[in-house]
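The values are calculated or read from the model by the stated rules, or taken from the named source; none is laboratory data. What you see is a predicted model; the values in this text were computed from it and never measured. FYI the Cβ positions are ideal-geometry reconstructions off the backbone, even for glycines, and counts take in every protein chain you see.
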Amino acid sequence: MTEDLRAIGDACWTSYNSGDWNRAIGTSKVVPVAEDIIYIPTRGVVGNVTAVRTSEGLVVFDTGSASTARQIYDTLRTWDSSPIHTVIFTHGHVDHVMGAALFEEEAKKRGEPPIRFIAQRNMPARFARYVATAGFNSNINSRQFGVRDFRWPTQFRTPDVTYDATFKITVGGVTFELNHGMGETDDHTWTWIPHRKVIVSGDFVIWAVPNSGNPQKVQRYTKPWAEAFRAMATKQADALVPGHGPAIFGADRVATLLADGAAFLDTMHDQVLALMNEGKTLDEIVQTVKLPTDLLERPYLQPTYDDPEFLIRNIWRLYGGWWDGDPAHLKPAPTNDLAAELANLAGGASKLAQRARELAAKGDLRLAGHLAEFAVRAEPTNTEAHRTRIEVNKQRSDSERTLMAKGVFNAAIRDSQAIVDPTAPPPPRRNVGIG
């Protein structure tokens with residue numbers, strides 16, 4: 001079965017669908033990477049776990065989420081029962097680190113030495129921020145992933161050892177070269193295992209457009225992400241284990257993936273920065289940047305999670321702050337007041353809703369979205385306006401490829417459904433593995 005999954009992963013090079021990959025995984029499976037190296041993909045939005053066998057015990061990369069840690073641990077033990085010597089966190093996202101408590105608990109039960117945890121030095125500050133913003137993170141992740149009643153964790157396993165730029169360790173005669181890079185997070189580690197010519201990339205590689213634009217979360221780093229790709233490429237690896245999705249085998253494929261990822265990020269970054277230097281507003285830049293459509297056709301660069309447009313906005317945020325260049329947006333009127341004024345000019349919220357439906361029928365979903373939102377803002381209890389908001393956002397969600405955009409539009413649908421029919425049952429709970 002693991003050999004079958006390896007073959008399925010290899011076939012993804014020409015056509016990748018995350019749903020098909022998840023169905024092939026089933027729950028969690030051991031997949032060989034090289035001699036004494038395996039990775040464990042797990043169904044859902046949860047990171048891969050990689051393990052390396054050494055004479056002193058296992059070195060494991062990441063531990064999964066709280067809800068998937070048990071199946072990941074049990075799957076790991078079907079491959080090797082040796083003590084876990086070291087865990088290297090690729091970064092601090094909860095789908096990669098929250099299995100640590102279970103791993104430690106199991107080590108104690110088995111009478112094994114304590115596990116050493118290693119991470120980049122920015123990780124403890126990340127965990128402190130997570131605790132301070134637990135309520136906010138509960139809300140945004142519930143919205144992004146469509147998870148009802150999601151609760152953000154407030155207890156994290158901080159690393160025993162941290163490093164700054166690079167860090168080399170040897171466990172049981174096996175050398176691991178840890179490298180810091182910034183991309184999806186500021187605490188990211190990619191690791192080179194020279195004796196097997198394997199890279200463990202973490203979420204630098206996710207089989208989708210690099211997650212450098214997330215509209216609901218902290219700053220991402222587009223140019224440093226491209227630089228990390230180029231640094232990995234110098235290793236001429238034979239295999240690369242990504243943070244999500246199937247491992248990539250063969251030096252040519254690894255080199256191509258890294259080169260394409262860097263080229264995509266470079267052109268997005270450089271176009272935005274050039275237009276900013278010309279004095280363009282954010283809106284002008286969004287309308288002007290030319291997307292590299294040839295690269296976006298690659299199976300490993302599909303816009304299924306993040307959206308290239310969101311990258312544009314995040315690059316602006318990094319260099320230009322939150323103001324978008326529109327004077328009216330510097331100190332704007334309250335949105336409800338603006339909506340009420342527009343509704344008054346139009347002849348009422350129902351007129352705005354009617355026009356929103358007309359625009360949606362013509363395919364102008366962006367403008368329809370504005371008017372539908374103004375309609376419910378102007379008259380928050382107007383059920384016709386909320387029905388229009390549901391209709392428009394359903395069309396918007398259906399027309400989108402990216403999980404992030406779908407999540408926002410679907411949340412708007414749920415909010416308006418609660419007004420239209422307060423007695424309707426909530427949507428079913430969805431376990432995506434992030435908790």
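Observations, loosely collected:
- Criterion (closer than 30 Å to Thr27 by Cα and of a type in the set (Asp, Glu)) met by exactly one of Glu379, Glu373, Glu400, Glu391: Glu400
- Test: Tyr300 is within 26 Å of Asp398 (Cβ to Cβ) and either at pLDDT 95 or above or not polar (S, T, N, Q) (or both): yes
- Within the stretch 291-310, the only residue that satisfies the criterion of being without any contact (Cβ under 8 Å) to a residue 24 or more places away in the chain and within 21 Å of Arg220 (Cβ to Cβ) is Leu291.
- For the stretch 294-323, a tally of residues being assigned to a helix (DSSP H, G or I) and either under 21 Å from the mean Cα position of the chain (by Cα) or basic (Lys, Arg) (or both) returns 16.
- Looking only at residues in the stretch 109-146 that are β-branched (Val, Ile, Thr) and more than 17 Å from the chain's Cα centre (by Cα), the one that is nearest to Phe61 (Cα to Cα) is Ile118.
- Restricted to the stretch 22-52, and to residues there that are of a type outside the set (Ser, Thr, Tyr), in contact (Cβ under 8 Å) with a residue 60 or more places away in the chain and out of contact with any Lys or Arg (no Cβ under 9 Å at 6 or more places or on another chain), the residue that is nearest to Ile248 (Cα to Cα) is Asn48.
- Taken over the stretch 229-256, the criterion of being part of a helix (DSSP H, G or I) and out of contact with any strand residue (DSSP E or B) (no Cβ under 6 Å at 6 or more places or on another chain) is satisfied by Phe229, Arg230, Ala231, Ala233, Ala251, Asp252, Arg253, Ala255, Thr256.
- Only a single item in (1) over 30 Å from Pro299 (Cα atoms); (2) surrounded by fewer than 19 Cβ atoms within 10 Å (Cβ to Cβ) is not met by His386, and it is number (2).
- Any hit, the stretch 77-88, residues being under 17 Å from His244 (Cα atoms), touching a residue at least 60 places away in the same chain (Cβ under 8 Å), surrounded by 23 or more Cβ atoms within 10 Å (Cβ to Cβ) and assigned by TED's automatic domain parsing to the domain that holds Ala239: yes
- Looking across the stretch 257-307 at every residue that is of a type in the set (A, V, I, L, M, F, W, C) and touching a strand residue (DSSP E or B) at 6+ places or on another chain (Cβ under 9 Å), the one that is surrounded by the most Cβ atoms within 10 Å (Cβ to Cβ) is identified as Leu258.
- Residue in the stretch 12-27 that is aliphatic (A, V, I, L, M) and part of a loop (DSSP other than H, G, I, E, B) present: no
- Options Thr162, Thr175, Thr185, Thr158: the member that is part of a loop (DSSP other than H, G, I, E, B), at pLDDT 95 or above, surrounded by fewer than 18 Cβ atoms within 10 Å (Cβ to Cβ) and in the same structural domain as Ala228 (by TED's automatic domain parsing): Thr158
- Residue check for Arg230: in contact (Cβ under 8 Å) with a residue 60 or more places away in the chain and surrounded by fewer than 20 Cβ atoms within 10 Å (Cβ to Cβ): no
- Checked against the criterion of being aliphatic (A, V, I, L, M) and either without any contact (Cβ under 8 Å) to a residue 12 or more places away in the chain or farther than 24 Å from Arg377 by Cβ (or both), the candidates Leu282, Leu275 yield just one match: Leu275.
- Qualifying residue in the stretch 52-65 (condition: over 16 Å from Ser201 (Cα atoms), crowded, with 23+ Cβ neighbours inside 10 Å, modelled with pLDDT of 95 or more and under 20 Å from the mean Cα position of the chain (by Cα)): yes
- For the stretch 124-143, the criterion of being part of a strand (DSSP E or B) and either under 25 Å from Pro215 (Cβ atoms) or in the same structural domain as Ser201 (by TED's automatic domain parsing) (or both) is met by none of the residues.
- Against the test of being in contact with a Ser or Thr (Cβ under 6 Å, 6 or more places away or on another chain) and within 23 Å of Phe117 (Cα to Cα), the options Thr54, Thr42, Thr50 yield a single qualifying residue, Thr42.
Every residue, every condition in (1) within 23 Å of Gly64 (Cβ to Cβ); (2) out of contact with any helix residue (DSSP H, G or I) (no Cβ under 6 Å at 6 or more places or on another chain); (3) in the same structural domain as Val408 (by TED's automatic domain parsing); (4) of a type outside the set (Phe, Trp, Tyr), yes or no:
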{"site": "Val198", "(1), (2), (3), (4)": "yes, yes, no, yes"}
{"site": "Gly202", "(1), (2), (3), (4)": "yes, yes, no, yes"}
{"site": "Ser212", "(1), (2), (3), (4)": "no, no, no, yes"}
{"site": "Asp252", "(1), (2), (3), (4)": "no, yes, no, yes"}
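- Between Thr175, Thr170, the distinction of being of a type in the set (Ser, Thr, Tyr), touching a Pro at 6+ places or on another chain (Cβ under 9 Å) and farther than 30 Å from Asn17 by Cβ belongs to Thr175 only.
Quick grid of which residues meet (1) closer than 26 Å to Arg313 by Cβ; (2) surrounded by fewer than 18 Cβ atoms within 10 Å (Cβ to Cβ); (3) without any contact (Cβ under 8 Å) to a residue 24 or more places away in the chain:
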{"site": "Leu345", "(1), (2), (3)": "no, yes, yes"}
{"site": "Ala353", "(1), (2), (3)": "no, no, no"}
{"site": "Asp364", "(1), (2), (3)": "yes, yes, yes"}
{"site": "Gly369", "(1), (2), (3)": "yes, no, no"}
